[in-house]
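Where a number appears in this text, it was derived from the coordinates with a stated rule and is not lab data. These numbers come from a predicted model, not from an experiment. Cβ: placed from backbone, ideal geometry, glycine included. Neighbour counts: every protein chain shown.
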Amino acid sequence: MYVRPIAGLKVIDEAVGRSTEMGRPMLFIPGIMDLDQIETVAGLTVMSQIAKKAAEYDTPLEVPTARVLVMSAAREMCQAAALAAGRPETYDSDRINYITDDQFGYVAHVVGWMVREKPAACFFLGKFFAESLILAETGQSVGAIQVGGTAEAAQLPFFVAACDYALIGEELFAASAYLSGEPQQLGTVQGQDWGKFLAIGLIVIGCLLATAVSLTSDETLAAVLHALKDQILSTGGGE
Amino acid sequence: MRRTIPLLIASLTGFAMIAAFFVKPAQPLTQLVEKWFTILSAVAFLTAGTSLLLHHLKKIAAQHAGWGYSAVTLIAFLVTVGVGLLKVGVPISPQFPNHPWAGSYQEEGSAFWWLYVYVMLPITSTLFSLLAFYVASAAFRAFRAKNTEAMLLLATAFLILLGRQAGEASGDTWTLWGTVQTVLGVSSGTVKDVIMQAGQRAIMIGIALGVAATSLRILLGLDRSYLGAD
């Protein structure tokens, strides 16, 4: 099954290899929100793949979290990854910690750690807000290879500017399936692409219909346009 | 079994939430599940406090690099919890004047309030203000005209910058400067409202599809990595 390559994910092996060669740790930030956010879950599933590679190479992976439920999930996932890699002794729960729920308190801790420990690779995958640029710029200043990804449209430009690779929106959600390599999961990535084709088709049909209605004032076409725009695509209330 | 039961709970709850969105009588279920999550989060705070204490105590005991920061964190944590729980300096509540602890711990004048207003807020504001310098350094790197794409980005940024300034300044539209202002304002508006908006909407459609695909993977149990090992 062909799935288009995602540059930001191909670099994970390189990042782990670089960290191993340099003898420096890696940093993974799963965003600052809780497990009820799908971006946090998507980030954590990518983390489990990174943790597996880190366990294979015996490279430390630091995961500071801003929510305690995220910490618990991350610990479970890293332990499972170490077991899957056949290196259970590499799992160190002290590297996955709860820091604070406060946004800038968390940033202060992570930035301080980055400056002191100088990680060779930083991964920022999850839900981010104003802290995205502070984290990514600090990573840049310590010379780390960086991969950033979020579905927050307002934060994407910051990751594009400050990170070496950025997973833009949907790529974050495709990442875990892409890395797993399992046909069933890859199928959902292809499903995403088919969904996009459908969206493109609907946009083209909508544009043509709207143009035809404005040129001809045909009532049938207007009714079809109304059904498409105000009933199928509307969130309710016909607005 | 260790993964099957949580997986079943996640799948059933997830599908019930989807059903509740479309079936009106089932909508109170959403609020119920939200309450469960709030209760779980509240219980998790105990784990959070324990984890924080253990992590920093270990660092201090082992005198790891930066253990001094851990000591400051622990002191700040214990003092804040202490003054909050003991309601230190809480003003007397007008409703219950005979009960000195009846006032809210967040009341103006309490030690907890003082810590928040005079310690927490200035520190948070300082960190947030650092963002200006990070934006400047990121913009410097992003706008270096090293290839065609970077030059286009630089030109667009320059146009938006000038357009914003032109929009702010009031000028006579019949003079040359007024015409330039109008052209800049219209051009930057077009870039923002047409080109940027189209790009953002494309990203939003992709995100919506990605959310749907990821949710399905999790609810159908195709992706179980979040559950840890068996």
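Put in order of Cβ neighbour count within 10 Å, fewest first, the listed residues B:193, A:218, A:164, B:223 become B:193, A:218, A:164, B:223.
Shown for B:56, B:99, A:226: other C-beta atoms within 10 Å of each C-beta, ranked fewest to most, produce the order B:99, A:226, B:56. So if I take the centroid of the Cα atoms in the stretch A:71-120 and the same for the stretch A:190-232, what is the distance between those two points in Å? Each part's Cα centre sits 48 Å from the other's.
Each label was represented as a point 7 Å from its Cα along the Cα-to-Cβ direction; for residue A:101 and residue B:78 these points are 2.3 nm apart.
Full extension of the segment from residue A:153 to residue A:58, taken as 0.36 nm per residue of separation minus the current Cα-Cα distance, would add 30.7 nm.
Measuring nothing but how far apart in sequence close Cα pairs (under 8 Å, 6+ apart) lie, relative to its length, the stretch A:122-234 scores a relative contact order of 16 percent.
Mean silhouette area of chain B, derived from the convex hull of its C-alpha atoms and averaged over all directions, reads 25.0 nm². Using equal-weight Cα scatterers in the Debye expression, the normalised intensity of the stretch A:156-239 in log10 at q = 0.11, 0.13, 0.18, 0.27 Å⁻¹ is -0.54, -0.68, -0.86, -1.18. Largest mean-square fluctuation among A:56, A:89, A:152, in a Gaussian network model of chain A whose springs join Cα atoms under 10 Å apart, belongs to A:89. Remark: C-alpha extents of the stretch A:1-91 on the principal axes read 36, 35, 23 Å, sorted largest to smallest. Size descriptors for the stretch B:4-132, from the alpha-carbon set: Rg then Dmax equal 21.5, 58 Å. Cα centroids of the stretch A:23-67 and the stretch B:24-41: how far apart, whole angstrom? Using only Cα atoms to place each centre, the spacing works out to 28 Å.
Pairwise Cα distances in the stretch B:126-230 exceed 22 Å for 61 percent of all pairs.
What do you get for Rg/Rh over the protein assembly as shown if you use C-alpha atoms and the Kirkwood form of Rh?
Rg/Rh: 1.01.
Only Cα pairs under 8 Å and 6+ residues apart enter the sum, and on that basis the relative contact order of the stretch B:143-227 stands at 19 percent. Per residue, the convex hull spanned by the Cα atoms of the stretch A:186-232 measures out at 56 cubic angstrom.
Give the residues of the stretch B:201-225 whose amide nitrogen is closer than 19 Å to a point set 7 Å from the Cα of residue A:4 in the direction of its Cβ. So the set is B:201-214. The residues B:13, A:188, when put in order of fewest to most other Cβ atoms within 10 Å, stand as B:13, A:188. Counting Lys and Arg as +1 and Asp and Glu as -1 over every other residue whose Cβ lies under 15 Å from the Cβ of residue A:99, the net charge comes to -1.
If you average 1/r over every pair of different alpha-carbon atoms in chain A and take one over that average, what Kirkwood value in Å do you get?
19.5
Taking a point 7 Å from the Cα of residue B:116 along the Cα-to-Cβ direction, the residues of the stretch B:59-97 with backbone N closer than 19 Å to it are B:76-94. On the basis of the beta-carbon distance and an R0 of 35 Å, residue B:216 and residue B:43 show a calculated FRET efficiency of 0.75.
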